[in-house]
Amino acid sequence: MMATFADKVLAWFDRHGRKDLPWQQNPTPYRVWVSEIMLQQTQVTTVIPYYERFMQRFPDVQTLADAPPDDVLKLWEGLGYYSRARNLHKTAQQVRDVYAGEFPTTMTDMETLPGIGHSTAAAILSLSHGQREAILDGNVKRVLARYHTVAGWAGEPRVQKQLWAYAEQHLPAERNAAYTQAMMDMGATLCTRSKPLCLLCPLQDGCQAFKQGKPQAYPGKRPTKELPEKTALALLLRNTAGELLLQQRPPTGVWGGLWSFPEFADETALHDWLAQHFAPTQAIATRLPVLTHTFSHYRLHLQPLQVDLDAQPARIMEGNGWLWYKANTEYTGGLSAAVRQFFQTID
Ligand code: SF4
């Protein structure tokens, strides 16, 4: 009998697949879920230390649900895409409150949880319970788009639909957890974006893109769109102890809940604010190199203006969303990318 797509993938997995990742040990829905969310925009090697610290601090869904949001953000600091951390916390609370602390076992219920889409729900159910569900993350999309030469950008609904159909079609009758892991591993280690190792690939025989000699042409590129540009002023206010004033951002929106420099639309607004809170000062503002940060929906150019106070202010700004920060300051919550970028430039 001819080996199917899944047979070949599973045989490859048995010999070459990854079996010692931290979330593969004791793969409970909780542990798999945290790994899936961390891996959404981040490479495995970066995720591992974050994952281990996270599991040490939040070993189960109850501990995570009961933790203050700032503790979760702090452990996420550096992983980026903080909405993932906020959703993680919300989901833990829903699992605690709605599902009595146990993750649901159906796709429909799983997909009602914040931050869990169809593919993530399938990955959790497949990897933790061996349920027969198809996943379609970036790695799997690439393998399937190449194998079947599905043209077009994988974010397009028409292309997605086709890829989902292939993902379902290839599911094995058994060993679903191993198959799911295998597909992710193949995309991450063999069928990579720019240098696919087709000669080592178990799917080479049936792979249409390999036959055409142009695997990199699939999947198609996302159509480029011009990102809107925004500018703002960031106040780097330093007191005589060398501490910088940080403001905690509102819980939703860009850098939600993280500590960042106070931002102002223009210099008048910045100086009015300074005069109101720190007058009378003889402060001189120095312009520092612009910090640029690209979000998914716009690009932000932050012009930092450094102002050194010439007298130690009364600690009126401490607490209530304000913090005087130095590298070893104890604080709760995470730092925004702007603050981290700033410290990198002066290191
Ligand atoms: S043969 Fe090459 S392009 Fe096709 S699935 Fe394998 S690694 Fe990817």
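Listing for the model above:
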{"item": "Environment charge of residue 208, counting only residues whose C-beta is closer than 13 Å and scoring Lys/Arg +1, Asp/Glu -1", "result": "+2"}
{"item": "Electrostatic dipole magnitude of the chain [Cβ: Lys, Arg +1; Asp, Glu -1; Cα centre; debye, to 20]", "result": "1320"}
{"item": "Backbone HN-Hα couplings from phi across region 167-173 [Karplus 6.51/-1.76/1.60, Hz, Gly and Pro as x]", "result": "4, 5, 4, 8, 4, x, 6"}
{"item": "Subset of 8/195; 161/214; 141/230; 19/90; 141/211; 19/141 violating a 25 Å alpha-carbon distance limit", "result": "141/230; 19/90"}
{"item": "Accessible area of the chain belonging to carbon and sulfur atoms, whole % at 1.4 Å probe", "result": "52"}
{"item": "Of 250, 157, 29, the one that fluctuates the most in a GNM where the chain has Cα springs shorter than 10 Å", "result": "157"}
{"item": "Cβ crowding within 10 Å averaged over residues, with 289-302, 5-18, 233-246 ranked highest first", "result": "233-246, 5-18, 289-302"}
{"item": "Nonlocal amide H pairs with residue 220, under 5 Å, H built at 1.01 Å", "result": "152, 153, 154"}
{"item": "For the chain, average projected area of the Cα convex hull in nm²", "result": "20.5"}
{"item": "Whole-Hz ³J(HN,Hα) from phi, Karplus 6.51 cos²θ - 1.76 cosθ + 1.60, for region 5-15, glycine and proline x", "result": "3, 5, 4, 5, 5, 5, 5, 5, 4, 4, 8"}
{"item": "For the chain: accessible area per residue (Å², 1.4 Å)", "result": "51"}
{"item": "Packing rank of 96-109, 187-200, where each peptide gets the mean count of other beta carbons within 10 Å, highest leading", "result": "187-200, 96-109"}
{"item": "Most mobile of 154, 177, 275 in a GNM of the chain (Cα contacts under 10 Å)", "result": "275"}
{"item": "HN-Hα J in Hz across region 248-253 - Karplus 6.51, -1.76, 1.60, θ = phi - 60°, x for Gly and Pro", "result": "7, 6, x, x, 10, x"}
{"item": "Built amide H within the under 5 Å cut-off of residue 237, gap 5+", "result": "245, 307"}
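The values are calculated or read from the model by the stated rules, or taken from the named source; none is laboratory data. If you're wondering where the values come from, they're calculated on a predicted model, not measured in any experiment. Reconstructed Cβ throughout: ideal geometry from the backbone, glycine too, with neighbour counts over all protein chains shown. Accessible surface areas use protein heavy atoms only, side chains included; no ligands, DNA or RNA. Shrake-Rupley method; radii C 1.70, N 1.55, O 1.52, S 1.80 Å.
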